[in-house]
1. Taking only the stretch 99-150 into account, find how many residues are within 23 Å of SER24 (Cβ to Cβ), free of Cβ contacts under 8 Å to residues at least 24 places away in the same chain and aliphatic (A, V, I, L, M).
2. If you go through the stretch 106-121 one residue at a time, do you hit one that is surrounded by fewer than 14 Cβ atoms within 10 Å (Cβ to Cβ) and not in a helix (DSSP H, G or I)?
3. Are any residues in the stretch 1-25 surrounded by fewer than 15 Cβ atoms within 10 Å (Cβ to Cβ) and either modelled with pLDDT of 95 or more or assigned to a loop (DSSP other than H, G, I, E, B) (or both), and if so, which ones?
4. Determine, yes or no, whether VAL48 is hydrophobic (A, V, I, L, M, F, W, C), touching a helix residue (DSSP H, G or I) at 6+ places or on another chain (Cβ under 9 Å), modelled with pLDDT of 60 or more and surrounded by 13 or more Cβ atoms within 10 Å (Cβ to Cβ).
5. Being more than 15 Å from ALA133 (Cβ to Cβ), among the small types (Gly, Ala, Ser) and under 13 Å from the mean Cα position of the chain (by Cα) is the filter here, so list the residues in the stretch 25-48 that pass it.
6. For the stretch 122-149, what are the residues that are part of a loop (DSSP other than H, G, I, E, B) and out of contact with any strand residue (DSSP E or B) (no Cβ under 7 Å at 6 or more places or on another chain)?
7. Report whether or not GLU91 is of a type in the set (D, E, K, R) and in a helix (DSSP H, G or I).
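The values are calculated or read from the model by the stated rules, or taken from the named source; none is laboratory data. Values in this document were obtained by computation on a predicted structure and should not be read as measured data. Ideal geometry is used to build each Cβ from the backbone, glycine not excepted, and the neighbour counts take in all protein chains shown.
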Amino acid sequence: MTARAEGGAGGPAPLPVTLVWIDSREAYIARWAEAGIPIEHRESEVPVHRRSTGHVGHAPAIRHGGGGSPQDAGEGHRQEHLERWVEEIAELLPAHDALLVLGPGTTRERLIHRLEAADRRMRRDRPVRTEAAGPLTEARLMERLRAENGAPAARHVATVRG
């Protein structure tokens, strides 16, 4: 399915679709281009998310806020890194392409919210879709991008020697 924009006398002209796969560790951006499909890979500097320590009990005799360990200061630092990461990827995306954002978790959702807010501010009307997706190979990203842009799948032609 290719996104459409207002066109001239010939009717709606297709908008190229740019595909983004993102999580907190890395992102792939695949742009539709006449000369091929360039895929850009970026790695983030977001600190690794720490695992929960499990259930934390509180003694009823201890006053609220006292006697316990303070909240991990690293989590706030991680959130700041994550916001900068999402901003960095959003700035790399073409302003007038339709977007399909893929990824496994909440980083994808953060990017969608950031893009929608920027589009409202800029009074831009472009299709932005999202789908949950696990890790994809570059070949799968290219295959998906071709399908989104209405192009036939790449064919491998075997040469016969004889």
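1. 2
2. no
3. Answer for the stretch 1-25, where residues must be surrounded by fewer than 15 Cβ atoms within 10 Å (Cβ to Cβ) and either modelled with pLDDT of 95 or more or assigned to a loop (DSSP other than H, G, I, E, B) (or both): MET1, GLU6, GLY7, GLY8, ALA9, GLY10, GLY11, PRO12, ARG25.
4. On the way: hydrophobic (A, V, I, L, M, F, W, C): yes; touching a helix residue (DSSP H, G or I) at 6+ places or on another chain (Cβ under 9 Å): yes; modelled with pLDDT of 60 or more: yes; surrounded by 13 or more Cβ atoms within 10 Å (Cβ to Cβ): no.
Spelling it out, it is not the case that VAL48 is hydrophobic (A, V, I, L, M, F, W, C), touching a helix residue (DSSP H, G or I) at 6+ places or on another chain (Cβ under 9 Å), modelled with pLDDT of 60 or more and surrounded by 13 or more Cβ atoms within 10 Å (Cβ to Cβ).
5. SER44, the sole residue that qualifies.
6. Of all residues in the stretch 122-149, those part of a loop (DSSP other than H, G, I, E, B) come to 122-127, 133-137, 149.
Correct list: MET122, ARG123, ARG124, ASP125, GLY134, PRO135, THR137.
7. Details: of a type in the set (D, E, K, R): yes; in a helix (DSSP H, G or I): yes.
Criteria met by GLU91.
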